[in-house]
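Read through the structure below, which is laid out as structure tokens, and then see the notes.
Nothing in this text is a laboratory measurement; each read-out follows from the coordinates by a stated rule. None of the values given here were measured: they were computed from a predicted structure. FYI the Cβ positions are ideal-geometry reconstructions off the backbone, even for glycines, and counts take in every protein chain you see.
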Amino acid sequence: MCTRSLPNRIKPALQRWQRGATIVEFALVALLFFTLLIGIMEFGRWLFTLNAANEATRLGARLAVVCSISDAPDIKARMHQIASGIPVGNMVIDYVPTACDASNCETVNVRLSGATFSPLIPLMGGNYPIPKFATSLPRELMNSTGNPVCP
């Protein structure tokens with residue numbers, strides 16, 4: 001519609017109507033844009049948590065093969081420093097065979113069990129399970145006497 005052919009008294013009303021339409025269009029587009037933006041940020045947090053969980057199990061296995069079995073709580077605390085969103089209770093260190101001491105253990109298995117991810121946005125639902133990341137390494141030293149790596 002061309003505004004040149006309209007009388008002068010109708011032009012201001014038409015311009016005000018156009019401004020109102022622009023505000024409504026902006027509101028609709030902004031709603032979609034910010035929803036998408038927040039979703040992308042939550043997806044990035046989820047990927048960061050998965051990467052931290054994987055790195056925590058790798059660090060736990062590397063420490064567990066060179067430290068003594070009695071250092072397991074300290075190893076879990078170091079794992080929790082990397083993956084702070086995962087409780088220490090979900091971190092499991094298994095020595096194989098199960099009744100071994102520092103001299104006869106063959107391997108160590110470090111895994112996450114029952115860990116979940118909680119989004120910050122309440123509209124995204126409840127808790128999402130984190131996969132059971134696991135790392136196994138063969139025995140090396142398994143003795144923390146004089147070892148500066150162990151906690």
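Packing order of peptides 21-28, 91-98, highest average first: 91-98, 21-28 (average count of other Cβ atoms within 10 Å over each peptide's residues).
Spacing of the modelled spin labels on S113 and L37, each 7 Å from Cα toward Cβ, amounts to 4.3 nm. One equal scatterer on each Cα of the stretch 11-138, no solvent, Debye formula: the resulting log10 I(q)/I(0) at q = 0.13, 0.15 Å⁻¹ is -0.63, -0.75.
Spin-label model, N104 to I121: label points 7 Å out along the Cα-to-beta-carbon direction sit 5.6 nm apart.
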